Each structure stands twice: as structure tokens, then as C-alpha cells.
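Each value in this text was obtained by applying a stated rule to the coordinates, not by laboratory testing. Owing to the predicted nature of the structure, the values given are computational and were not obtained by experimental measurement.
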Amino acid sequence: MAQQQQDELSCTIFVGNIAVFCTEQLLLGHFTTCGEIAEIRLARSENLSKHLSYGFIRYALIQSAQLAIQTMNGTILCGRPLK
């Protein structure tokens, strides 16, 4: 179980500066160029009405996560540079 959690963490990247109107579907389309995505989670406000401009993307493979870190920083999505 601990190894599985470690693998999932290794495959997970942080994405910041996400426009408030940007959706999981838009993130999926933007980041899938680096590989198969297992999960996208946007941090949400307590009332769940909007996300907090950051989230996490978990890739199926660690190589895909590494590629995303190397190539996606600063790319523009919904008019904002992702960090």
C-alpha cells in the first residue's frame, strides 16, 4: 500500500495560476499531450462554487508527469500562464 501511494505521488504534478472559469475538461485537453491522465483535482472553496486557481494532475506514468513538468510550465490556458 505504501508503495502505491508513493507511486501516485510521483506521478502527480501541481498546477497553479488556473483561471477561475477553466474546467477539468480544458485541463485534460491541455495536459493530455504529455501522456495518459489518471485524475485531475481542482482545489475548491468551502461552498464548492468555484475552484481556487490551483489543482493537481495525476498521470498514469511517472515519465508523463516528468514530461509535463519540463514542458508545460508557462504554457497559456484560458488566457493565463500555468505554473
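Could you work out [θ]222 nm for the chain from helices alone, using -39500 (n - 2.57) per DSSP H run of at least four and dividing by all its residues? Round to the nearest 500 deg cm²/dmol.
Calculated at 222 nm, the ellipticity per residue is -9000 deg cm²/dmol.
When only C-alpha pairs under 8 Å and at least 6 residues apart count, what is the relative contact order of segment 2-81, in percent?
Relative contact order, segment 2-81: 41 percent.
Taking θ as phi - 60°, what are the ³J(HN,Hα) couplings along segment 74-80 by the Karplus curve (6.51, -1.76, 1.60), each to the nearest whole Hz, with x for Gly and Pro?
x, 5, 9, 9, 6, x, 10
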